[in-house]
Structures are given as structure tokens and as C-alpha cells.
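The values are calculated or read from the model by the stated rules, or taken from the named source; none is laboratory data. The model shown is predicted, which means the values in this text are computed figures rather than measured ones. Because the Cβ atoms are built from the backbone with ideal geometry, glycine has one as well, and the counts that use them run over all protein chains shown.
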Amino acid sequence: MKTHTIASIPADGIGKEVVPAALEVLRVLQQRHGGFKLQVEEFPWGSDYYKKHGEMMPKDGLETLKKFDAILFGAVGAPDLPDDITLWGLRLKICQGFDQYANVRPTRILPGIRSPLAGRGPGDLDMVIVRENSEGEYAGHGGRAHRGHPEEVGTETAIFTRVGCERIIRFAYEIARSRPRKQLTVVTKSNAQRHGMVLWDDVAAEVGRDFPDVKTDKMLVDAMTARMVEKPASLDTIVATNLHADILSDLAGALAGSLGIAPTANLNPARKYPSMFEPIHGSAFDITGKGIANPVATFWTAVMMLDHLGEKAAAARLMAAIEKTTAAGIVTRDLGGKADTRTVTKAVCEAL
């Protein structure tokens, strides 16, 4: 029996509710499915840790995490701490420290879930957004000067490197090639951002020549938002920069019914470091502690983690259990249902 080591970091807000729910589901899955075992170690890092220690994670945190096969992450952020401290102190520190440059966000309408798009159901929206996850608009370069004075200035420098653009676009082409439709849409804003985004466009065109079997089109990011709403069935695989894909994937999650069902994987494709898996909904302060958080995004995230670990049959079994649960109408309030976190978790366990 193969054993996979998992670092669990529930972190903040509803992360402390949905990650334990996912671990419960995974325990049931390994009992029912057999053939593999998950060895989980939890780390209490996050905003509460910061309030006690002045840092979101220990200085040797990355070294501690290196030994694990994967990281299951909850959410980061607290209403009484600046977001730049919480995000950069934990999530982005892990993503950049482990060169998790490929952020993958699948989106589709699950059975039984009603999309806000009129007349759309399962099969009408099925896409994967590939987000550059290491540089671009979130590179962290810039600063502030003359604080508190009228001439105060803040700069934020987007960084686009040839190697950064090439590796994520090539990764996206590989995903597009693996999907039945073999279609990739490259998102850009090179009409206004005439240096970094033009480099992005040039590299995309060069890489595309290596994938003649993949149908490729290009869209400005603002036009892309309209296309996602008006013609979602025209889209399959999408690649975009750090900022653009972050925004577009939230829109995609909402079109599929709720951010509460949206999963993501932060991948180090070379597998030199562990990859990190997390729901994209954030810490959701308004519902924290009420027991009503939607755990489906974390369950689907666990599916992606299992697939990454090579447990493809187990991943498919868990996804089928999730779909059976949503098809039965057992959904939380964000999806128009009445179930709480515990009820959905129990239903998925029973479906397994």
C-alpha cells in the first residue's frame, strides 16, 4: 500500500472548517477504496499564529514542508490584519518558495446546481483556467516613498520574463492537448500594456507552433469577461497572467454556481517541491464559525490532489460522490440549499 504524506494548513476563517471536512472525507475514501494511505500532519500557521509570534509561519516553515508529497491549504486572511501581511506571509510565500508556477482552476456546472446563467446546465460550461502563479502583476516588486506627504508614491511593477511566460503557456498547451476539444484561448491586454504583455503574446505565438493540433485563439481580458458570460460553451482551456486569471477564475466560479465549489491546484510541475491544493473562496469572515461553509470546493480540491499523487481511480470515485451529492440537492446556502457543512460532508461520505 502506497503512503502519501500530506501537510494540512487550515489557516484562517472557514479554512478551519472545510479542511477538517475534507480530511474526514479522505479518511472514508481510503477505507472504502483501499490501495493507498494518507499520512497527515497539521500545522497551526496563519493569522492566529501571527498574533502570537509576529509571523504567519516559522522561518524554517518551507524547509519543514519540503518533505511532504502535497499540501492541503484552507484560506488566509483575518479582518483585523492587513491582507498583504497575511497573503504574502503564508500562501504566496509557499507558492513562490516552492516555484508553484502553474495554478490550475477547473470549472464546470455540477449536477443539480443552478447556474446564474439562464438556460445553462451541466455540459454548457466546462473549462480549465491556467494561471501564471510566480510573477506578472503579483511579482512583489515595487514600493512606497514619502509616506504621509502629498507627494507620496506607490509603485507596483509587473514582471514578465521569457522563461516565466514560456513555461506556463507550454503547460497550458499540454493541458489543452489532453482535453477532448484541444482548444486554448490566450488572454492578453497587449493593446494597453505594450511591453510585458507584448512579450507574453510573442511567446504564446512561438510556443503555439509546437502544438499544431491545438486550436488557438487570443482575446483581450475585458472582452473575455463578456465571452465567458455570453458564450461559455465556446471556451475550453484558458491561459492568463497572474492577475487576469485570478479575476477570470472568480467569475468562472460564480458562473458555475458559487465560489464555494471552485477548486485550485498550485503546481510545481517538475515535482522538485510539493504542490499545494486549496479552495479559492478565501476565509469568508461573514460566515466563519457558523457551520454553513460550503466544503465542496475543498472536496474537489482533494480530487485534484489525489490525481496529482497518482491515485486517479480514487480521485474519480471522490468526484463521483461529490456529483451524486449535489445531484441529490444536498447543497449549502450559497447554492440555494439548506444543508450545512456537516450535512454535505456526511452525504459525500455516504456516497463513497
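How many residues does region 241-273 contain that are in a loop (DSSP other than H, G, I, E, B) and either hydroxyl-bearing (S, T, Y) or surrounded by fewer than 24 Cβ atoms within 10 Å (Cβ to Cβ) (or both)? Total meeting the criteria: 8.
Among the candidates E132, E137, the residue that is in contact (Cβ under 8 Å) with a residue 24 or more places away in the chain, in contact with a Cys (Cβ under 9 Å, 6 or more places away or on another chain) and under 12 Å from N242 (Cβ atoms) is uniquely E132.
Among the residues of region 219-234, those identified as surrounded by fewer than 15 Cβ atoms within 10 Å (Cβ to Cβ) and among the hydrophobic types (A, V, I, L, M, F, W, C) are A223, A226, V229, A233. Of the candidates L38, L29, L23, the single residue that is assigned to a helix (DSSP H, G or I), modelled with pLDDT of 95 or more, of a type in the set (A, V, I, L, M) and over 21 Å from the mean Cα position of the chain (by Cα) is L29. In the set A22, A78, only one residue is touching a Lys or Arg at 6+ places or on another chain (Cβ under 9 Å) and either within 23 Å of A270 (Cα to Cα) or not assigned by TED's automatic domain parsing to the domain that holds F171 (or both); that residue is A78.
Counting only residues that are surrounded by fewer than 14 Cβ atoms within 10 Å (Cβ to Cβ) and at pLDDT below 95, region 193-218 holds 1 of them. The one condition from (1) at pLDDT 95 or above; (2) part of a strand (DSSP E or B); (3) of a type in the set (D, E, K, R); (4) farther than 24 Å from R181 by Cα that R105 does not meet is (4). The set of residues in region 198-209 being outside any loop (DSSP other than H, G, I, E, B) and either touching a residue at least 60 places away in the same chain (Cβ under 8 Å) or more than 23 Å from the chain's Cα centre (by Cα) (or both) consists of V198, L199, D201, D202, V203, A205, E206, V207, G208.
Any residue that is out of contact with any Asp or Glu (no Cβ under 7 Å at 6 or more places or on another chain), free of Cβ contacts under 8 Å to residues at least 60 places away in the same chain, among the acidic types (D, E) and within 20 Å of P279 (Cβ to Cβ) - is there at least one of those in region 82-98? Yes. Restricting attention to region 46-100 and to residues that are of a type outside the set (D, E, K, R) and on the phi > 0 side of the Ramachandran plot, the residue that is surrounded by the fewest Cβ atoms within 10 Å (Cβ to Cβ) turns out to be G54.
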